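Worksheet for the structure shown next.
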Amino acid sequence: MSEIQVTLGDKLKTGQFVATGYISVDELVSRLVVDTYDPDDTDGGGYQRLVSKARVKELARRFVEEGIDVPTSILVNIRSLKKSDVSTVKGNFSKISLNRHKLHVVDGQHRAEAYKLVLEQLEDEEAIKNWKNKLISVVFLLGVDQNNERAFFHDVNGNAKSIPSSYLQELISKRAEVEPEFLAALNPKEHWKINGDSVMKTLNKSKGVWKGKIKFPGSKAGTIPNSGFVNTLKPLLMDKWFGQMLDEKQQAQTLMAYWEGMNLYFKQLGEDNPFENPKEFSIQKRIGVAVLHSLILPIKEYMNEDGTASKQGYLDPKVWLAYQKNFLSYSDTNTENIPVRGADFWRTGRDGAVGKYSSGAGTKDLKDRFEFELHKAIRG
């Protein structure tokens, strides 16, 4: 008979108790039940999502190869538990006799399945023994029926709020900064996020048009979230020239020169400058940044062909401006069917035309239109 010591909590609205304690991986895996939803079984009452085999496999790999810790508890229910299975030790400390009871996983199924996969894949007997004896933090629902179990699953997962991408970007950046082991274990394909974060923060502190324009978690100031800006840099940072041949300082300087070229364009027009009143224009918001960053590499290719490509050329706003003016003069109609161009194209709301391209497909369409204008002006 297997017994575990737990701390008994308050009685739930259902009339049953909740408890916290530790259980070995071997005990958890041997009693594990995942009540999966089956669309063909209308009477079964299953509610869990299908297990993602890829997610389980990756988590098991990280457990073994990286030794990651997941200190949060797995939530399980012992449906068939009886009063006689629980005995008081002292105060809130009790013992649960598991006997032949199964543990129905309410939250944490992928972690539980990953523990199971680890035991199946290990070959070294000592390693298997250590993993079997490893203690896992668990919250136990004591004798809750399937219907209420399903309700707890809904409350835990349906009402949970995911972490905003802006916070995740900051978490990744800070961990990479202070945890060498985190950076070493980070998938190389994800390193661009660290690189991009550093470049983005350099621009935000610069004297150029991006000074103070990045919106960080918890702040209302700025025109584009930190994660949104960094994501627009991915194609650049994955490119051999920008991502490998330029260091972070040169990357930031190149971007500052690129954006200053557009600032010069609007200054020369003598109209409202979007960079001086950015909230009324979309050029420094998601759509503007995504489209304009996507044109850097095409322009760079024209620079190569024209002989203007050099580290010095990349840092000269006027060199960029010679190419940018060809698409910044693009004309379109706003929602009132009135032709607009220049700064007016980028106005927010009904007065501007850029709002028509706010979807993912629209952003790509606008990028293609600008690139066509660029090619037409340079190559005819």
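Being assigned by TED's automatic domain parsing to the domain that holds Arg49, of a type outside the set (Phe, Trp, Tyr) and at positive phi is a property that Gly222 lacks.
Table: residues versus (1) buried (at least 17 other Cβ atoms within 10 Å of the Cβ); (2) hydrophobic (A, V, I, L, M, F, W, C); (3) without any contact (Cβ under 8 Å) to a residue 12 or more places away in the chain; (4) within 22 Å of Thr36 (Cβ to Cβ).
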| position | (1), (2), (3), (4) |
| --- | --- |
| Val89 | no, yes, no, no |
| Ile96 | yes, yes, no, no |
| Asp107 | yes, no, no, yes |
| Tyr115 | yes, no, no, yes |
| Val118 | yes, yes, no, yes |
| Ala127 | no, yes, yes, no |
| Ser137 | no, no, no, no |
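Does Asn147 count as crowded, with 20+ Cβ neighbours inside 10 Å and either in the same structural domain as Gly288 (by TED's automatic domain parsing) or within 30 Å of Leu81 (Cα to Cα) (or both)? In short, no. Of the residues making up region 337-351, just one is under 33 Å from the mean Cα position of the chain (by Cα) and part of a strand (DSSP E or B), namely Arg347.
One residue stands out in region 196-211 among those that are without any contact (Cβ under 8 Å) to a residue 40 or more places away in the chain and farther than 16 Å from Ser166 by Cα: the one that is surrounded by the fewest Cβ atoms within 10 Å (Cβ to Cβ), namely Lys207. Looking only at region 304-321, residues that are crowded, with 18+ Cβ neighbours inside 10 Å and either among the aliphatic types (A, V, I, L, M) or closer than 13 Å to Lys367 by Cβ (or both) come to 2 in all. Scan region 238-297 for residues that are small (Gly, Ala, Ser) and in a helix (DSSP H, G or I) and jot them down. Of everything in region 238-297, those that are small (Gly, Ala, Ser) and in a helix (DSSP H, G or I) turn out to be Gly243, Ala252, Ala257, Gly261, Gly288, Ala290.
Taken together, the criteria exclude Asp368 from residues that are crowded, with 17+ Cβ neighbours inside 10 Å and either more than 27 Å from Gly212 (Cβ to Cβ) or touching a residue at least 60 places away in the same chain (Cβ under 8 Å) (or both). Here Leu50 qualifies as in a loop (DSSP other than H, G, I, E, B), in contact (Cβ under 8 Å) with a residue 12 or more places away in the chain, assigned by TED's automatic domain parsing to the domain that holds Ile128 and under 21 Å from Val118 (Cβ atoms). Determine whether region 14-37 contains at least one residue that is among the charged types (D, E, K, R), free of Cβ contacts under 8 Å to residues at least 60 places away in the same chain and within 22 Å of His154 (Cα to Cα). Within region 14-37, not a single residue is among the charged types (D, E, K, R), free of Cβ contacts under 8 Å to residues at least 60 places away in the same chain and within 22 Å of His154 (Cα to Cα).
Does region 113-131 contain at least one residue that is in contact with a strand residue (DSSP E or B) (Cβ under 6 Å, 6 or more places away or on another chain) and outside the structural domain of Phe216 (by TED's automatic domain parsing)? Within region 113-131 (the criterion being in contact with a strand residue (DSSP E or B) (Cβ under 6 Å, 6 or more places away or on another chain) and outside the structural domain of Phe216 (by TED's automatic domain parsing)), the answer is no, since none of the residues qualifies. When region 307-341 is limited to residues that are in contact (Cβ under 8 Å) with a residue 40 or more places away in the chain and among the charged types (D, E, K, R), the one that is nearest to Ile378 (Cα to Cα) turns out to be Lys325.
The single condition from (1) surrounded by fewer than 12 Cβ atoms within 10 Å (Cβ to Cβ); (2) free of Cβ contacts under 8 Å to residues at least 40 places away in the same chain; (3) closer than 25 Å to Gly158 by Cβ that Gly67 fails is (3).
The values are calculated or read from the model by the stated rules, or taken from the named source; none is laboratory data. Here the structure is a predicted model, which means the values were calculated and not measured. Neighbour counts are summed over all protein chains in view; Cβ atoms, including those assigned to glycine, are modelled from backbone coordinates with ideal geometry.
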